[in-house]
Each structure stands twice: as structure tokens, then as C-alpha cells.
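Right, one structure below, let's go through it.
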Amino acid sequence: MSNTEKLIHAFSEALAVPQETIQDDLAYQAIPEWDSITHMILISQLEDTFGVAIDTDDVIDLSSVGKAKEILTKYNIVF
Amino acid sequence: MLNDLLNTIQYSLTRDEKNRELLPLLLERHQWHLGSCAAYRDIYNTVFEGSIRQPATLADLPFLPVSAFKNHELKSIPDSEVFKVLTSSGTTGDAVSRIFLNKETAQLQSLALSKIITHVLGKARLPMLIIDSKAVFANKQSYSARGAGILGLSVFGKDHTYVLDDNFEFDEQVLASFLERYDGQPFFIFGFTFMVWLYLFNAKTGKRYDLSKAILIHSGGWKKMTDMAVDNSVFRASLKDRFGLDQIYNFYGMIEQIGSVFLENSDGYLHCPNFADVIIRNPADFSVQPHGVPGLVQVISVLPQSYPGHSLLTEDIGVIMGEDDASNGWKGKYFKVTGRAKKAELRGCSDTFKSR
């Protein structure tokens, strides 16, 4: 699986939505499935998937799928 | 300028610096709300017109009583911009306060909270032990203030572990395996003050767990604790004695004023961050009380933009314990809250407010 596929898979699992929903412009709280509870599930899913530990500032900053890619890039994950 | 205030290291501004940095931002907020919120303008014109000179210090700023949020729709943005409405739980029978947030103000709120909490926890998220049950989220549509508090703090933790089961019974096994998992490492404990006391401290087993590496943040007020005759110093001393837990931070804030997040300093007093301040007022005439003299707590925060909550008179009684000289080196005022104002005092207070 490519990193983009892994990312889509992690989002889809954490938010319990179909993979087609996961587009770069999908934003936090734009769909009922992505709320403050599932956000923390998503963070740990991303951490497990990519083997990284995401800092607090980035948890707050992670406001869309596109932003998630940008943040993970800081942790040396290439998309 | 607001971003500078949030992004610099917290607890770094002394009295004069704070006045210089905050006053222009607050005057800007005041003007904005006068122009954008009819209810704010009405209250201001009725209560303060003519009686307030050009503010020279933070103490000269006009202030709204928190009860105003129950009786008025205080909103400085068009309906289309409302992103979230916060409501206070309130006591039974009371009207509910409604606080209107737009995206920008909501973001400022999470940024402010993060600056304060990471100041004591560090940037990396720590394993988090929650002295509560997942059952507080059972009804997703209307979880309580407790649920909201837990969620708000969850961003600072990982491996969120709830020590109470679905029936709110203390699960010793969960605690033991958490402690084993993170043996020798720092971790984060969060809970409401009375829950920490009832369940962690008074756990039936009375075991002396080693919590010396833990950092405890707790919140929720002292009403229930006072009923059990436990004050802050007893609380701190007991946890230290039984568990070696000495990094303890009480947390005071209110839904009506985002950004008013006051964390306890090492002396056990609530400390104002760079972007907020506290003034104590005489309940009879609203004059400013000197340090050491109790009165009504007025909270000031530069954050509220979507609603006029930048300067509020609360119904809490508190006292300033010092300024710029806390023993952990934090600058700014520090205070303690000693209780709620008596109904009669508040009635007197609101009469005065009306007649001014």
C-alpha cells in the first residue's frame, strides 16, 4: 500500500466512513462522523499506521485530510 | 499582536508589560462589540455611559455581569457565521447562558488552552489516565460539561485510559496495568476534582500507588469538596502523602469567557496567563479591592471576538494573593477563589448595576 492509500484507510477506519469520502479538502467537523471524539481515534490510528508520535500542536492543527498529509510530511512520511 | 501574546512563553509578562500589551487589544475589542452587538451597546450605555473615563489601566474597562448571558443574546457576528453555541449547565431552574462562537474565536480558544496546558505537560502527548468512565459519552448529542472537559483535555494525551468502568466502579486492574505499561515514565492524569478525591484517593483498596511521575490536572469546582471538608491544601497534601503525587494543577475557568484559563502555580494559587487577567471588586460599590482583600472576581481575556465576553464580572468570590512573584517564577497575578457570592450580595449587586 502507498502512503496515500494507508492514509485513506486510516481515516476511513477511524471515522467509520467510506474511503471515497476521504478527499484532501474534507475538513474537521465538516461531517458529523469527524467530531472531537473521533478526532482522537483518528490521531491514534495515524500514529499506529505510520509509527509516529504526533505532538499536541499538530493534533490541534490537523484540520483537514490535506493538512494531515502536510503534518505527516514533517514526521518524514512522504506522499 | 494577539498572536504574539498567545505564542510567546506564558506567564512571562509583568504588571506594566501586561497593561501595555493588553489594554489596546481590549479597547479594540470593546469598540468592536459596541459596533457589532446591540445588546452590549445597550447595557454599556445604560450602566457605564459617563461614568467611565478613557481607560488608562485594565481596571478602567467596563465589565458585564455573567448573568447578562442568561437574559440577553450577546452576539457580535451575523447568524451565518455562528460555528458553535456553548451553553452553561447552570443550577436546576436557572436560565442557561448561551455563548456564540465563530470559527476564529473557537480556534483562538483551543490555541490558548494548548499554550497553557503544554506549558506544564510539554509538547509531546503523554499517556493519559482519566478518572472517569467512558459512559459520560453515552449520549453523544448531549454529553455533559464533564464529557466536554475530558474531550477538551484529551488532545494533550494518548492511550486514553478510563479507570472507571461503565457502571462508574473503580477498576483497579485497569489502573495497575496502566502503571505497569508506563513504569518509570511521566504520564498525565485528568479528572474532576471530586472524582479524583472520591475514586482515586478514596479507592476502596487504599493502595499506595506510585504516582510520583504523574502530572495531575483537575477541575470542576470545590462545592462538593467543601461539603466533605476537603480544601485545596488538604487535597494537595493528601495526594502527595499517599501517592508521592506533587505535580498538581487545579484549573479554573468558565464557559462565559473563553481564554480565561487559570492554572494553579506551585504555591497552590490560580495564575493568570499572559492573555488574561483578574481584578477583585468590592460587591457594594464595584471599586477595586487591594491585594489580599476578597471580593467579586472580574475576569479579563483578549480572546472573545464573536461575543462580548472580554471583561466579565463573575459571581465568584476571590482574593489576589500576589503579583509577579510566584515561587515558580511565573509572572502575573495569582489568586484563590473562596466560594460563590451569596444570593443577597448578588441581588444587591444587580440593583446597583441597574441604578448606575
Open item on the list: Please list, ordered by residue number, the strands (runs of 3 or more DSSP E) wholly in segment B:204-264 having 2 or more residues that are touching a residue at least 24 places away in the same chain (Cβ under 8 Å) and closer than 17 Å to B:LEU175 by Cβ.
Closed with: B:214-219
Open item on the list: Based on this model, can you work out whether A:THR38 counts as more than 14 Å from chain B (Cβ to nearest Cβ) and either part of a helix (DSSP H, G or I) or at pLDDT 95 or above (or both)?
Closed with: no
- [ ] Specify the residue that is nearest to A:MET1 (Cα to Cα); the eligible residues are those in segment A:38-79 that are more than 13 Å from the chain's Cα centre (by Cα) and surrounded by 17 or more Cβ atoms within 10 Å (Cβ to Cβ).
- [x] A:ASP55
Task: Residue among B:ILE117, B:ILE189 that alone is within 13 Å of chain A (Cβ to nearest Cβ) and either assigned to a loop (DSSP other than H, G, I, E, B) or touching a residue at least 24 places away in the same chain (Cβ under 8 Å) (or both) - done: B:ILE117
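Among the residues of segment B:78-103, how many are out of contact with any strand residue (DSSP E or B) (no Cβ under 7 Å at 6 or more places or on another chain), at pLDDT 90 or above and within 15 Å of B:LEU303 (Cβ to Cβ)?
Residues flagged as out of contact with any strand residue (DSSP E or B) (no Cβ under 7 Å at 6 or more places or on another chain), at pLDDT 90 or above and within 15 Å of B:LEU303 (Cβ to Cβ) within segment B:78-103 amount to 1.
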Open item on the list: Consider segment B:172-201. How many of its residues are more than 19 Å from B:GLU264 (Cα to Cα) and aliphatic (A, V, I, L, M)?
Closed with: 6
Open item on the list: Based on this model, can you work out whether A:GLU13 counts as of a type in the set (D, E, K, R), in contact with a helix residue (DSSP H, G or I) (Cβ under 7 Å, 6 or more places away or on another chain) and away from every other protein chain (no Cβ under 14 Å)?
Closed with: yes
Open item on the list: Condition (residue is crowded, with 16+ Cβ neighbours inside 10 Å, more than 30 Å from B:ASN19 (Cα to Cα) and not assigned by TED's automatic domain parsing to the domain that holds B:ALA68) applied to segment B:260-272: is it met by at least one residue?
Closed with: no
Task: Selection within segment A:41-57 - part of a helix (DSSP H, G or I) and within 11 Å of another protein chain (Cβ to nearest Cβ) - done: A:ILE41, A:ILE43, A:SER44, A:GLU47, A:ASP48, A:THR56, A:ASP57
- [ ] Out of B:LEU74, B:LEU61, B:LEU101, report the one residue that is in contact (Cβ under 8 Å) with a residue 60 or more places away in the chain, within 22 Å of B:CYS272 (Cα to Cα) and not β-branched (Val, Ile, Thr).
- [x] B:LEU61
- [ ] Starting from residues that are in a strand (DSSP E or B) and buried (at least 19 other Cβ atoms within 10 Å of the Cβ), keep the ones in segment B:147-159 and report whichever is nearest to the other protein chains (Cβ to nearest Cβ).
- [x] B:LYS158
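May I ask you to say which residue of B:GLY322, B:GLY332 is surrounded by 23 or more Cβ atoms within 10 Å (Cβ to Cβ) and modelled with pLDDT of 95 or more?
B:GLY332
The values are calculated or read from the model by the stated rules, or taken from the named source; none is laboratory data. Computed from a predicted model, the values in this text were never measured in an experiment. Here Cβ is always computed from backbone atoms with ideal geometry, including for glycine, and neighbour counts include all displayed protein chains.
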